[in-house]
1. Looking at the stretch 78-93, can you tell me whether even one residue there is in contact with a Ser or Thr (Cβ under 7 Å, 6 or more places away or on another chain), buried (at least 23 other Cβ atoms within 10 Å of the Cβ) and assigned to a loop (DSSP other than H, G, I, E, B)?
2. If you check Leu115 against the conditions, is it in contact with an Asp or Glu (Cβ under 8 Å, 6 or more places away or on another chain), closer than 25 Å to Asn149 by Cβ, hydrophobic (A, V, I, L, M, F, W, C) and surrounded by 18 or more Cβ atoms within 10 Å (Cβ to Cβ)?
3. Suppose the filter is closer than 21 Å to Gln89 by Cα, touching a residue at least 24 places away in the same chain (Cβ under 8 Å) and touching a Ser or Thr at 6+ places or on another chain (Cβ under 7 Å); does Val163 pass it?
4. Any residue that is farther than 23 Å from Gly38 by Cβ and of a type in the set (Gly, Ala, Ser) - is there at least one of those in the stretch 147-167?
5. Only residues that are under 22 Å from Val16 (Cα atoms) and crowded, with 16+ Cβ neighbours inside 10 Å: list them for the stretch 55-76, please.
6. Step by step: first the residues of the stretch 130-154, then only those that are in a loop (DSSP other than H, G, I, E, B) and free of Cβ contacts under 8 Å to residues at least 40 places away in the same chain, then the one that is nearest to Glu64 (Cα to Cα). Which residue is that?
7. Please work out if Asn9 is farther than 16 Å from Ala236 by Cα, out of contact with any Pro (no Cβ under 8 Å at 6 or more places or on another chain) and not acidic (Asp, Glu).
8. Can Thr179 be described as farther than 18 Å from Asn13 by Cα, touching a strand residue (DSSP E or B) at 6+ places or on another chain (Cβ under 6 Å) and surrounded by fewer than 20 Cβ atoms within 10 Å (Cβ to Cβ)?
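Since every read-out is calculated from the coordinates, none of them should be taken as a lab result. From a predicted model like this one, the values you see are computed outputs, not experimental measurements. Neighbour counts run over all protein chains shown; Cβ positions are idealised from the backbone, glycine included.
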Amino acid sequence: MRKNIVAGNWKMNTTVPEGVELAKAVVAKSVEVPAEVGLIVAVPFTHLTSVASVLSSRVELSAENCADKAKGAYTGEVSVDMIKSCGAQWTILGHSERRQYYGETDEKLVEKTKLALAAGLGVILCVGENLEQREAGKHFDVCESQIKNVLFNFSAEDMKNIVVAYEPVWAIGTGKTATAEQAEEIHAFIRKVLADKFGTQVADNTTILYGGSCKPSNAKELFAQKDIDGGLIGGAALNADDFIQIALSF
């Protein structure tokens with residue numbers, strides 16, 4: 001059985017002290033959430049060690065990115081071993097903002113994913129289409145291409161440590177949200193693409209999260225869909241009450 005997960009992506013928000021207080025609040029409220037729902041907070045690199053020190057075993061820690069090199073003369077980059085040494089269990093890769101603003105390619109994501117898995121980090125791999133691609137009816141093609149270009153380089157065994165997050169890029173930070181039906185349609189499609197490559201068992205065991213303006217008001221309807229296994233939460237993750245309310249929506 002695949003796991004339901006609610007992961008908070010803090011992005012470039014909060015100072016370290018503010019992040020520690022937010023993490024403490026999430027931990028305090030996490031006792032309300034059933035054990036079968038996984039909780040993850042993805043925090044800026046600067047926060048990892050401090051936030052790790054206040055998390056409980058109930059809330060796992062993620063980085064928001066990692067370098068595509070193991071180590072060396074790459075000023076400003078942060079390696080998977082550095083992330084792991086801070087106490088993180090996960091990293092987000094391929095977020096639409098990384099793809100859009102920093103030119104992150106599928107080829108780079110293959111390298112990052114290899115390094116993350118080798119270091120023992122779980123990977124939350126983001127895929128999804130922008131508004132232009134959605135309006136052109138290319139959303140299935142875009143998601144299929146991103147999955148094939150990255151995940152088809154890995155094994156069925158590797159997939160045990162990979163979560164897919166579908167981001168309708170046109171719904172991130174815009175207040176727009178895909179309807180539950182739109183979201184389910186693409187989640188089911190992603191699962192079929194995975195099944196065609198890895199088999200039904202792997203596909204059925206892969207957690208697929210929805211990552212487009214998920215909030216307390218729409219989480220229950222989204223999470224009720226057959227192929228939506230939780231959310232990658234942006235703005236609502238910066239408020240502990242909202243984050244936990246989303247996690248209680250299964």
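1. So far as the stretch 78-93 goes, yes, one or more of its residues are in contact with a Ser or Thr (Cβ under 7 Å, 6 or more places away or on another chain), buried (at least 23 other Cβ atoms within 10 Å of the Cβ) and assigned to a loop (DSSP other than H, G, I, E, B).
2. Yes, satisfied.
3. Spelling it out, Val163 is indeed closer than 21 Å to Gln89 by Cα, touching a residue at least 24 places away in the same chain (Cβ under 8 Å) and touching a Ser or Thr at 6+ places or on another chain (Cβ under 7 Å).
4. No - not one qualifying residue is present in the stretch 147-167.
5. Correct list: Leu55, Val59, Glu60, Leu61, Ser62, Ala63, Glu64, Asn65, Cys66, Ala67.
6. Taking the stretch 130-154 and keeping what is in a loop (DSSP other than H, G, I, E, B), we get 130, 136-138, 152-154.
Among the residues that remain, those that are also free of Cβ contacts under 8 Å to residues at least 40 places away in the same chain are: 136-138.
Values: Ala136: 30, Gly137: 29, Lys138: 27 Å.
Checked the stretch 130-154; the qualifying residue nearest to Glu64 (Cα to Cα) is Lys138.
7. Against the criterion (farther than 16 Å from Ala236 by Cα, out of contact with any Pro (no Cβ under 8 Å at 6 or more places or on another chain) and not acidic (Asp, Glu)), Asn9 does not qualify.
8. Numbers: farther than 18 Å from Asn13 by Cα: yes; touching a strand residue (DSSP E or B) at 6+ places or on another chain (Cβ under 6 Å): no; surrounded by fewer than 20 Cβ atoms within 10 Å (Cβ to Cβ): yes.
So Thr179 fails the test.
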